[in-house]
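K.L.:
Structure below; questions to follow.
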Amino acid sequence: MAAAESSPLTTHVLNTGDGVPAARMSLSLHRLDAKLMIWSMLSVGTTDEDGRCSGLIARGAFGPGMYKLRFETGSFWESLGQNSFYPYVEVVFSITEPEQRFHLPLLMSRFSYSTYRGS
């Protein structure tokens with residue numbers, strides 16, 4: 001993972017069903033190759049005890065394009081001894097101004113999720 005202070009992209013995962021951060025969830029960042037129309041994995045990470053994963057990509061590697069964050073929700077719920085309707089969640093987003101900072105929270109329970117662009 002890139003150094004947290006240089007990353008223009010962060011995420012925060014909250015287990016809204018239990019009202020706690022989603023600690024130790026695996027996730028990965030991918031970028032779409034627009035010519036080949038295939039996704040390339042850029043980095044992998046794990047949320048910390050507060051449900052945050054900040055060092056996903058270095059500023060210099062973050063250019064305009066289409067990206068996705070893949071959250072391994074099924075494995076997370078299994079680690080808690082529970083099942084889930086969603087085996088994973090993929091959030092696809094477009095970056096047109098890579099000099100900005102982007103925060104993509106995921107609010108989830110075993111049977112629902114939502115996301116938004118935070119600051």
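The values are calculated or read from the model by the stated rules, or taken from the named source; none is laboratory data. All of these numbers come straight from a predicted model, not from anything done at the bench. Cβ sites come from the backbone with ideal geometry, for glycine too, and all protein chains shown count toward neighbours. Remember, those area values only see protein heavy atoms, side chains included, never the ligands or the DNA or RNA. Shrake-Rupley method; radii C 1.70, N 1.55, O 1.52, S 1.80 Å.
K.L.:
In the stretch 74-119, which residues are surrounded by 17 or more Cβ atoms within 10 Å (Cβ to Cβ), of a type in the set (S, T, N, Q) and assigned to a loop (DSSP other than H, G, I, E, B)?
P.N.:
Scanning the stretch 74-119 gives a single hit, S84.
K.L.:
Look through the stretch 15-41, keep the residues that are basic (K, R) and open to solvent by 70 Å² or more (accessible area, probe 1.4 Å), and return whichever of them is nearest to the chain's Cα centre (by Cα).
P.N.:
R24
K.L.:
What residue, among those in the stretch 42-56 that are part of a loop (DSSP other than H, G, I, E, B) and open to solvent by less than 10 Å² (accessible area, probe 1.4 Å), is nearest to P21 (Cα to Cα)?
P.N.:
G51
K.L.:
List pairs: first in the stretch 60-74 and more than 7 Å from Y88 (Cα to Cα), second among the charged types (D, E, K, R) and not in a strand (DSSP E or B), Cβ under 8 Å, 6+ apart or cross-chain?
P.N.:
Qualifying pairs under 8 Å: P64/E97.
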